[in-house]
1. Can you find a residue in region 68-84 that is touching a Phe, Trp or Tyr at 6+ places or on another chain (Cβ under 6 Å), under 19 Å from Trp20 (Cβ atoms) and not in a loop (DSSP other than H, G, I, E, B)?
2. With the requirement that a residue be under 20 Å from the mean Cα position of the chain (by Cα) and in a loop (DSSP other than H, G, I, E, B), what does region 151-163 give you?
3. Tell me, which helices (runs of 4 or more DSSP H) wholly within region 185-284 include 3 or more residues that are in contact with a Ser or Thr (Cβ under 9 Å, 6 or more places away or on another chain) and within 23 Å of Asp170 (Cα to Cα)?
4. Hey, among the residues in region 56-93 that are among the polar types (S, T, N, Q) and in contact with an Asp or Glu (Cβ under 9 Å, 6 or more places away or on another chain), which one's most open to solvent (accessible area, probe 1.4 Å)?
5. Might you check whether a residue that is assigned to a helix (DSSP H, G or I), open to solvent by 50 Å² or more (accessible area, probe 1.4 Å), modelled with pLDDT of 95 or more and of a type in the set (D, E, K, R) occurs anywhere in region 169-183?
6. Do we have any residue at all in region 9-24 that's modelled with pLDDT of 95 or more and touching a Pro at 6+ places or on another chain (Cβ under 8 Å)?
7. Going through region 13-48 one residue at a time, which ones are over 22 Å from the mean Cα position of the chain (by Cα) and within 18 Å of Gly101 (Cα to Cα)?
8. Report, ordered by the first and then the second residue, all pairs with beta carbons closer than 8 Å, sequence separation of six or more or different chains, a first member in region 126-153 that is in contact (Cβ under 8 Å) with a residue 60 or more places away in the chain and closer than 20 Å to Ile6 by Cβ, and a second member that is in a loop (DSSP other than H, G, I, E, B) and open to solvent by 90 Å² or more (accessible area, probe 1.4 Å).
Amino acid sequence: MHTTLIDAATLARHAADPKWVILDCRHDLLNPAFGREAFAAGHIPGAQFASIDDDLSGPKTGTGSTFRGRHPLPERAALVQALRRFGIDDDSQVVAYDAQGGMYAARLWWLLRWIGHEAVAVLDGGLPAWQAAGQPVTADLAPQRTAGGIAERPSLMRTVSVDDVVANLDTGAFTVVDARASDRFRGENETIDPVGGHIPGAKNRFFKDNLAPDGKFKPAAQLKDEFAPLFASPAAAVMQCGSGVTACHNLLALEVAGLPGAALYPGSWSEWCAAPERPVATGA
């Protein structure tokens, strides 16, 4: 069973196994059509396309203090139905990939663990690593898979709500870690959300710092050393980002580092900054 990362060679050996489900999660926050277009142009043979917006998020609802964020978690039952359409069963090995170092594939990894499915891994280095290993891509669509029977089981991941994060401003019970780039964390160059800045007291760990220059995850020991100064323990840490997507990359990195147990704040900055009564910090 593969539960965090998988390399291209291992995936290639199992790509035709009917118990393995490969999902292409490529996406662009500023160009929602990018993922489907990239998939149509070429993908790992046998892969299916999983849309961050349509399959791996719920509908955007509310405004102001009721806004749930740009990529709210899907209802669990709706997520299960989407996963069944991909042919996922309880005993399926799922592999997620993108072309951005796991930026989006980690969202699928987290969601499957959220509904209790442990056998899910991210292709380390994504499509570039697959092609660098001499593996093929195709524009041909795989035959439609028989609907799967995956069932919801006890969650393997924790979440906190916006109310929990508000309360934490006073209690300091946990450390919030923001996965966005440092300039957006400081409140500079904000091009996605209407307000720049970060949750007061949060620390910054840009998700791309989890990757080595070749686009693959850094070794476990190095990740552990880099995360260690940020919080007392994973159980007292909450990961967030702009909309609950790249925070999952930090959660995956923590699992790789042998530091499981941190929670996700799904609404993240997009939910937090939608309500003017919630405080905003800027600068480092």
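1. Quick first cut of region 68-84, residues touching a Phe, Trp or Tyr at 6+ places or on another chain (Cβ under 6 Å) only: none.
The answer is no; no qualifying residue exists.
2. Glu152, Arg153, Pro154, Ser155, Leu156, Met157, Val160, Ser161
3. Values: elements: 220-227, 247-256, 268-272.
Where helices (runs of 4 or more DSSP H) fall fully within region 185-284 and carry at least 3 residues being in contact with a Ser or Thr (Cβ under 9 Å, 6 or more places away or on another chain) and within 23 Å of Asp170 (Cα to Cα), they are 268-272.
4. Per the criteria, the residue is Ser65.
5. Of all residues in region 169-183, those assigned to a helix (DSSP H, G or I) come to 169-171, 182-183.
Applying the additional criterion that residues be open to solvent by 50 Å² or more (accessible area, probe 1.4 Å) yields 169-171, 182.
Retained after the next criterion (residues that are modelled with pLDDT of 95 or more): 169-171, 182.
When the remaining residues are screened for being of a type in the set (D, E, K, R), the result is 170.
Among the residues of region 169-183, at least one is assigned to a helix (DSSP H, G or I), open to solvent by 50 Å² or more (accessible area, probe 1.4 Å), modelled with pLDDT of 95 or more and of a type in the set (D, E, K, R), which makes the answer yes.
6. Checked against the condition, which is being modelled with pLDDT of 95 or more and touching a Pro at 6+ places or on another chain (Cβ under 8 Å), region 9-24 yields no hits at all.
7. Listed by number, the list holds a single entry, Gly42.
8. The qualifying pairs are Ala129/Asp214.
The values are calculated or read from the model by the stated rules, or taken from the named source; none is laboratory data. All values reported here derive from a predicted model rather than from experimental measurement. Cβ sites come from the backbone with ideal geometry, for glycine too, and all protein chains shown count toward neighbours. With ligands, DNA and RNA removed, areas are computed over all heavy atoms of the protein, side chains included. Shrake-Rupley method; radii C 1.70, N 1.55, O 1.52, S 1.80 Å.
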